[in-house]
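Following: one structure in structure tokens, then a few remarks.
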Amino acid sequence: MLGEFLAESARRRRIAGVWDCCTFPAEWAMRNGHPDPMAKWRGYESEAEAEHLIAEAGGLDVLFAEGLAGLEAPDLRAGDIGVIGVGAEQAGAVFTGKRWAVVLDRGLGFTSIEPEHVLRVWRP
């Protein structure tokens, strides 16, 4: 199921509020039978609006914690949703079992990241 989801995701283009680093993990949670964790914040149409919502929440990890409450993961497994961060930048991502899938400006990308840059993890 994860492989199929990632293959579909790789064909999509990044559009703020439609398919970005917030909505991508939310879509994965919904595919796993959970309500939309981004329902409260949907409707933004630009990067600036998204950044405002994230700042208002106190960070993307805080925003995701509200939307994914009860799904916290004690360890890391393939299919987990996480917020990864380097410096002040944070992104929602899905763990493939080896790397993190994340929506970038150019589309879906995959990255390896040191464990200290994985801010929080949820299991849908």
Exercise. In square angstrom, what is the accessible area per residue of the stretch 53-124 with a 1.4 angstrom probe?
Worked result: 52
Problem set entry | Portion, in percent, of the accessible area of the chain that falls on carbon or sulfur, probe 1.4 Å | 51
Seminar exercise, completed: Per the C-alpha gyration tensor (a ≥ b ≥ c, the square roots of its eigenvalues), the stretch 56-118 is rounded if a/c is under 1.5, else prolate if a/b beats b/c, else oblate; here it's oblate
For this session: State the answer as a single residue: which of G92, A26, L108 lies farthest towards the positive end of the charge dipole of the chain, with beta carbon charges of +1 for Lys and Arg and -1 for Asp and Glu, about the Cα centre.
Result: L108
Problem set entry | Unit charges on C-beta of K, R, D, E only; dipole of the chain, Debye | 520
Exercise. If you plug each phi of the stretch 104-120 into the Karplus form 6.51 cos²θ - 1.76 cosθ + 1.60 with θ = phi - 60°, what whole-Hz ³J(HN,Hα) values come out, in order, with x for Gly and Pro?
Worked result: 10, 4, 8, x, 6, x, 10, 9, 9, 9, 5, x, 5, 9, 8, 7, 7
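Take each complete run of DSSP H in the chain, measure how far its Cα atoms stretch along the helix's own axis, and keep only those covering 18 Å or more with mean Kyte-Doolittle hydropathy at least 1.6; list them.
Values: long enough: none.
Sorted by number, there is nothing, because no helix extends far enough and scores high enough.
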For this session: Would you grab the residues whose amide H sits under 5 Å from the one on D80? Only those 5+ places off in sequence or on another chain, please, with H modelled 1.01 Å from N.
Result: F95
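The values are calculated or read from the model by the stated rules, or taken from the named source; none is laboratory data. All values reported here derive from a predicted model rather than from experimental measurement. Cβ sites come from the backbone with ideal geometry, for glycine too, and all protein chains shown count toward neighbours. For accessibility, only protein heavy atoms count, side chains too; no ligands or nucleic acids. Shrake-Rupley method; radii C 1.70, N 1.55, O 1.52, S 1.80 Å.
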